[in-house]
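Since the structure comes first, as structure tokens, the remarks are kept for the end.
The values are calculated or read from the model by the stated rules, or taken from the named source; none is laboratory data. Computed from a predicted structure; not experimentally measured. In this analysis, Cβ positions are derived from the backbone assuming ideal geometry, glycine residues included, and neighbour counts consider all displayed protein chains.
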Amino acid sequence: MAEAITFHYDVDGENFTSAGNASVQVKRKLRQLGFPPEIIKRVSIAMYEGEINMVIHASGGSADVTVTPEEVRIVLTDHGPGIADVALAMREGYSTAPDNIRSLGFGAGMGLPNMKRYTDTMEIDTEVGRGTTITMTVKVA
Amino acid sequence: MKIRELAEKMDLAPLSLPDGDREVEGFYAGDLLSWVMGRANAGNVWFTIMSNVNVLAVASLVDLSAVVLAEGVTLSDKDAASALEKGINVFTSEKSTFELCALAGELAK
């Protein structure tokens, strides 16, 4: 197997306008590496949703992306409030985003469902008061 | 049909037009960004009343052919410059989202 390429990004929790920077950069890198457009779309949308979630709910966090010819793995880590009820959070339309976030067009309750929909595997490791780590993979082959 | 041609037929005012020769491949309407991100397809023209920098991120991630801001909504100068830099076509129109959809429906026939 070819050696993995890794990228690390810090997601700024204070700056809503820069949310999405990491996913846009990953998109660009995957394009340079010659990945198919459909794979790039899935990775960048799943990652963008994750970034937005970290900004809305957790005052930021970090994103680590590992790229091999077989798969793209995204690990999002935050030290926010954690998710009390994962099953509920995964339900389309359920959102705890505040009104000011909704006025920006977010808070549709589609973030986590979109992340699941666009990836092949998704694991949520969360604890109230400790934070959340989400690991997603998109298979290339 | 190309974006430039669509803009002329629908009387859309350009706010950022880096790629007028891009082909229009269908349409999508909606204001909830995650919903649009989950449902719109590459090449679509997107009708929305939302205008902030996150709209540009969605357009870029989904690879939309253009964003049309309805009801006279516009972009800040900074966001318009950012759209141009990112290669995203953005227009504004006085028409409502419904009127834009109806018109697009006629053109798509």
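Can you tell me which residue among A:35, A:7 is within 21 Å of residue A:139 (Cβ to Cβ), assigned to a loop (DSSP other than H, G, I, E, B) and not hydroxyl-bearing (Ser, Thr, Tyr)?
Step by step, each of A:35, A:7 is checked, and only A:35 is within 21 Å of residue A:139 (Cβ to Cβ), assigned to a loop (DSSP other than H, G, I, E, B) and not hydroxyl-bearing (Ser, Thr, Tyr).
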In the set A:75, A:86, A:55, the lone residue that is in contact with a strand residue (DSSP E or B) (Cβ under 6 Å, 6 or more places away or on another chain), surrounded by 15 or more Cβ atoms within 10 Å (Cβ to Cβ) and touching a residue at least 40 places away in the same chain (Cβ under 8 Å) is A:75
Filtering the stretch B:64-91 for residues that are of a type outside the set (A, V, I, L, M), crowded, with 19+ Cβ neighbours inside 10 Å and not in a helix (DSSP H, G or I) leaves a count of 3
Matching residues in the stretch B:1-57 (within 16 Å of residue B:70 (Cβ to Cβ), of a type in the set (A, V, I, L, M, F, W, C) and modelled with pLDDT under 95) number 6
In the stretch A:44-92, anything among the small types (Gly, Ala, Ser), out of contact with any helix residue (DSSP H, G or I) (no Cβ under 9 Å at 6 or more places or on another chain) and not in a loop (DSSP other than H, G, I, E, B) is listed as A:58, A:87
Considering the stretch A:100-126, residues that are touching a residue at least 60 places away in the same chain (Cβ under 8 Å), more than 9 Å from chain B (Cβ to nearest Cβ) and assigned to a helix (DSSP H, G or I), and then whichever is surrounded by the fewest Cβ atoms within 10 Å (Cβ to Cβ), we arrive at A:112
